[in-house]
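The values are calculated or read from the model by the stated rules, or taken from the named source; none is laboratory data. Small disclaimer: the values here were computed from a predicted structure and weren't measured. With ideal geometry, Cβ positions are generated from the backbone for all residues, glycine too; neighbour counts draw on all protein chains shown. Side chains are part of the model used for accessible areas, which takes the heavy atoms of the whole protein and leaves out ligands, DNA and RNA. Shrake-Rupley method; radii C 1.70, N 1.55, O 1.52, S 1.80 Å.
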Amino acid sequence: MTLHHTRIGRGKPLLLVHGLGGTYRSWDTILPALAQVREVIALDLPGHGQTPEEADSGTFNGLARSLDNWLGAEKLTGIDMVGSSMGARMVLEMARRGKAGAVVALDPGGFWQGWERKFFRTTITASIALVRALRPALPAITGNIAGRSALLVQLSARPWALDPAFVAHELRSLADTRIVNSLVKDLATGANQQGSANTPSPVVIGWGRKDRLCLPQQANRAMAAFPGATIHWFERSGHFPMWDQPQETVKVILEATDD
C-alpha cells in the first residue's frame, strides 16, 4: 500500500494525519511553520485525496491497518505524529500499538457516549449532504463571510478569519470523499478508542473549548484512556485548532515533540 504524501522541511521527521474527508492540505495553515524546524510528512489516508481506497477503508480499523502497514514499509515506525479529529484518534491508536514516537492528538474522535454518538452521526451526515448539494457554488459561498460562517458553524470558532480558498478546498474534499458516509457510520456505531496505560512516548491531547463536533466533555474520557497523557485546552478554538489557533498549535506540537 502506497499512501500519497508530501515531504517538506528539514530536521527530525514529523507525520501529520488528517481527519475525516480531509487531505494533506488540511494542514496548510501550520505546515510552513512546522517545516522551518522539522521534516514534515503529510499524507492522504486511503480513500482520501490522491490515495486510492482499499477494501476496508470505509472503517477506522481498515484505515489504521493501512497506516500501520505503510509506516512499516516506509521504515517510519516510531516517528512523531500529529493527528486531527479522526486522524487524532489514529495517532492515538498508533501510540497504543507502540508504533509512534511523541504524539499530539487534536480533538480526537472515538470517545463519545450515549446520545453523543447520534449527535455526531446526525449532524455530520447533514453537513456532508449540504456540502455535496452546494459543491458547484462553494467558491462563491465560502468567499462570503456569512456563507463561510454558516457552513463552518460546527467546525470552527473563527470561520470569518479563514482563507476562503482554503475553506473551499476543504469542503470540496469532504464532498468528494466517496467513503465518508461509511466511515461516519463506523465511527458512530463502533467501539470507542481503546487506551493504554504505558505508551512508550509522550502523548499530548489538545481540545478546543468551542468544539461542537467532538464535545469538550469527551476530553475526560480520552485522558482516562491514556492516563499518562497531558491535556492542552485551546480556549478560542473549535474542532480544528490548526485552523482557529495556528500559532498556538505549532507551539504545542513543537514543545510536545521536542527531544
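When you scan segment 176-195, do you find a residue that is part of a strand (DSSP E or B) and in contact with a Pro (Cβ under 8 Å, 6 or more places away or on another chain), even just one? Give the derivation first.
First pass over segment 176-195, keeping only residues part of a strand (DSSP E or B): none.
No: segment 176-195 contains no residue that is part of a strand (DSSP E or B) and in contact with a Pro (Cβ under 8 Å, 6 or more places away or on another chain).
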Looking across segment 209-259 at residues that are open to solvent by 70 Å² or more (accessible area, probe 1.4 Å) and in a helix (DSSP H, G or I), the single one that is farthest from Leu106 (Cα to Cα) is Ala224
Which one of these is free of Cβ contacts under 8 Å to residues at least 40 places away in the same chain and surrounded by fewer than 20 Cβ atoms within 10 Å (Cβ to Cβ): Ala33, Ala55, Ala42, Ala73? Ala55
Restrict the check to segment 60-82 and report whether at least one residue is under 14 Å from the mean Cα position of the chain (by Cα), assigned to a loop (DSSP other than H, G, I, E, B) and within 25 Å of Cys214 (Cα to Cα). no
Could you identify the single residue in Ala105, Ala133 that is hydrophobic (A, V, I, L, M, F, W, C) and crowded, with 24+ Cβ neighbours inside 10 Å? Ala105
Which listed residue is more than 24 Å from Pro246 (Cβ to Cβ), among the hydroxyl-bearing types (Ser, Thr, Tyr), open to solvent by less than 50 Å² (accessible area, probe 1.4 Å) and over 16 Å from the mean Cα position of the chain (by Cα), from Thr142, Thr123: Thr123
Report every pair of residues separated by at least 6 positions or lying on different chains whose Cβ atoms are under 8 Å apart, first residue within segment 1-25 and in contact (Cβ under 8 Å) with a residue 24 or more places away in the chain, second of a type in the set (Lys, Arg). Gly9/Arg38; Arg10/Arg38; Gly11/Arg38; Lys12/Arg38; Pro13/Arg38; Leu14/Arg38
Could you count how many residues in segment 83-119 are part of a helix (DSSP H, G or I) and more than 25 Å from Ala42 (Cβ to Cβ)? 5
List, please: which pairs have Cβ atoms under 7 Å, are six or more places apart or on different chains, and start with a residue in segment 109-125 that is of a type in the set (Lys, Arg) and end with one that is open to solvent by less than 60 Å² (accessible area, probe 1.4 Å)? Arg117/Ala188; Arg121/Val184; Arg121/Ala188
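Listed residues Ser173, Ser156; which is among the polar types (S, T, N, Q) and assigned to a helix (DSSP H, G or I)? Reasoning before the result, please.
Values: Ser156 fails: assigned to a helix (DSSP H, G or I).
Answer to the check: Ser173.
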Give me the pairs, please: first residue somewhere in segment 130-148 and part of a helix (DSSP H, G or I), second residue anywhere and surrounded by 12 or more Cβ atoms within 10 Å (Cβ to Cβ) and among the hydroxyl-bearing types (Ser, Thr, Tyr), beta-carbon distance under 9 Å, and either six or more positions apart or on two chains. Arg148/Thr142; Arg148/Ser156
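Mind checking which residues of segment 1-22 are over 25 Å from Thr189 (Cβ atoms) and either of a type in the set (Val, Ile, Thr) or open to solvent by 10 Å² or more (accessible area, probe 1.4 Å) (or both)?
Pass one, segment 1-22, residues over 25 Å from Thr189 (Cβ atoms): 1-16.
Listed by number, the residues that qualify are Met1, Thr2, His4, His5, Thr6, Arg7, Ile8, Gly9, Arg10, Gly11, Lys12, Pro13.
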Is it the case that segment 175-183 has a residue that's surrounded by 22 or more Cβ atoms within 10 Å (Cβ to Cβ), modelled with pLDDT of 95 or more and in contact with a Cys (Cβ under 9 Å, 6 or more places away or on another chain)? no
